[in-house]
Amino acid sequence: MEQLDWKNLSFGYIKTDYNIRCYYRDGKWSSPEVSDSEYINVHIAATGLHYGQEAFEGMKAYMGEDGKVRVFRWEENASRFIHSAEGIKMAPVPPELFREAIFMAINMNRKYIPPFGSGATLYVRPLLFGSGAEVGVKPSAEYTFLVFVTPVGPYFKGGIKPVNMMICRDVDRAAPLGTGTFKVGGNYAASLRALISAKEQGFSSSIFLDAREKKYIDECGPANFFGIKDNTYITPKSESILRSITNKSLMEIAEKLGIKTERRRIPVEELETFEEVGACGTAAVISPIGKIVDPDMNRIYEYCRDGEPGKLTMQLYKKLVGIQNGDEPDEFGWMTVVE
Ligand SMILES: *Cc1c(COP(=O)(O)O)cnc(C)c1O
């Protein structure tokens, strides 16, 4: 392999040597198999292709200063993967098989794990889809679970910087009683019109409102939303958003730092009262938001007027990234060494 330029990696796909595959047939999961191919041979009538039976996860592995590789809260990803599978009637992957497959994928591609201190990480992508043939609408009898890894650069190259977002009122990513809490490709497909339109207008992402009333903040494209005011971290409670593990972790850190936390509905107008706002998820950890534009209501909400992320945002960000990178003690017991 040619030497990768760790400092200039983007958040994109780079081929690694191996990926892991497991098959569910006759009511049983196979043991993980190693493959060196980037391709899969899929039946033309697979339900994953026709009826959207597909779910995924996203997590990162970090090289420690001690040369050990650690993953962040993998049990949380494993249980959300089960939640997603059950939500669209797929065979769930048992947590022990999930752990075995991600550890194998990481271990077999050790040379692609970015070094300690580079800011880059190894992104781990578990994927589950219906691979059995059906023509009528029904869940597949067969499933494929695969895990690939790819090295990714730090989301913000020149350090964490505020981004601008646009409130979207003409597209919903998920219906109130739909699939919003499942990490399924269908929600992403539904969100693309809004995302591309926001990008074309110069925004980094669109902010979705609740699909029922269009009154409350749901989430920011593929990341959860939070606002901070009066020493309180507030994040939306909604029946149609994904439960971000980053968000959950930031709340636990906030509590420890003496910042109050609330999970409740956030009316759009409340944006005016926040001192700091941001989006959070595995990819960027936190994207501080500098400006939110609501074109249909002719409103602009501004934060970070000095171009810098807010104080509490930075405090939370540094603590979480510190724990993940191994610069801070793992006081919550979130990191697992990949043996
Ligand atoms: C994956 C995802 C997130 C972020 O979740 P993390 O567990 O923090 O990575 C947020 N929203 C959506 C829609 C997602 O798919």
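The values are calculated or read from the model by the stated rules, or taken from the named source; none is laboratory data. In this text the structure is predicted, and so the values were computed from the model without any measurement. Ideal geometry is used to build each Cβ from the backbone, glycine not excepted, and the neighbour counts take in all protein chains shown. To get the accessible areas, we keep the full protein, side chains included, count just its heavy atoms, and leave off ligands, DNA and RNA. Shrake-Rupley method; radii C 1.70, N 1.55, O 1.52, S 1.80 Å.
Structure values in brief
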{"item": "Single unsatisfied condition, Thr181 versus (1) more than 15 Å from the ligand (Cβ to nearest atom); (2) of a type outside the set (Asp, Glu); (3) more than 23 Å from Gly290 (Cα to Cα)", "result": "(1)"}
{"item": "Selection within the range 126-181 - within 16 Å of the chain's Cα centre (by Cα) and closer than 15 Å to Leu49 by Cβ", "result": "Leu127, Leu128"}
{"item": "Yes/no for Thr261 being within 16 Å of the ligand (Cβ to nearest atom), within 18 Å of the chain's Cα centre (by Cα), hydroxyl-bearing (Ser, Thr, Tyr) and within 27 Å of Ser84 (Cα to Cα)", "result": "no"}
{"item": "So Lys248, is it surrounded by fewer than 24 Cβ atoms within 10 Å (Cβ to Cβ) and more than 10 Å from the ligand (Cβ to nearest atom)", "result": "no"}
{"item": "Test for Ser197: is it within 11 Å of the ligand (Cβ to nearest atom), closer than 12 Å to Ile167 by Cα and surrounded by fewer than 24 Cβ atoms within 10 Å (Cβ to Cβ)", "result": "no"}
{"item": "Single condition Leu316 does not satisfy, out of (1) surrounded by 20 or more Cβ atoms within 10 Å (Cβ to Cβ); (2) within 16 Å of the ligand (Cβ to nearest atom); (3) over 25 Å from Gly158 (Cβ atoms)", "result": "(3)"}
{"item": "Any hit, the range 155-178, residues being of a type in the set (S, T, N, Q), within 12 Å of the ligand (Cβ to nearest atom) and touching a residue at least 40 places away in the same chain (Cβ under 8 Å)", "result": "no"}
{"item": "Top-ranked residue of the range 222-235 - restricted to ones that are within 13 Å of the ligand (Cβ to nearest atom) and surrounded by 22 or more Cβ atoms within 10 Å (Cβ to Cβ), ranked as nearest to the chain's Cα centre (by Cα)", "result": "Ala223"}
{"item": "Residue identified as within 16 Å of the ligand (Cβ to nearest atom) and either open to solvent by less than 20 Å² (accessible area, probe 1.4 Å) or within 21 Å of the chain's Cα centre (by Cα) (or both) among Val268, Val285", "result": "Val285"}
{"item": "Residue list for the range 132-183, filter: basic (Lys, Arg) and in contact with a helix residue (DSSP H, G or I) (Cβ under 9 Å, 6 or more places away or on another chain)", "result": "Lys138, Lys157, Arg169, Arg173, Lys183"}
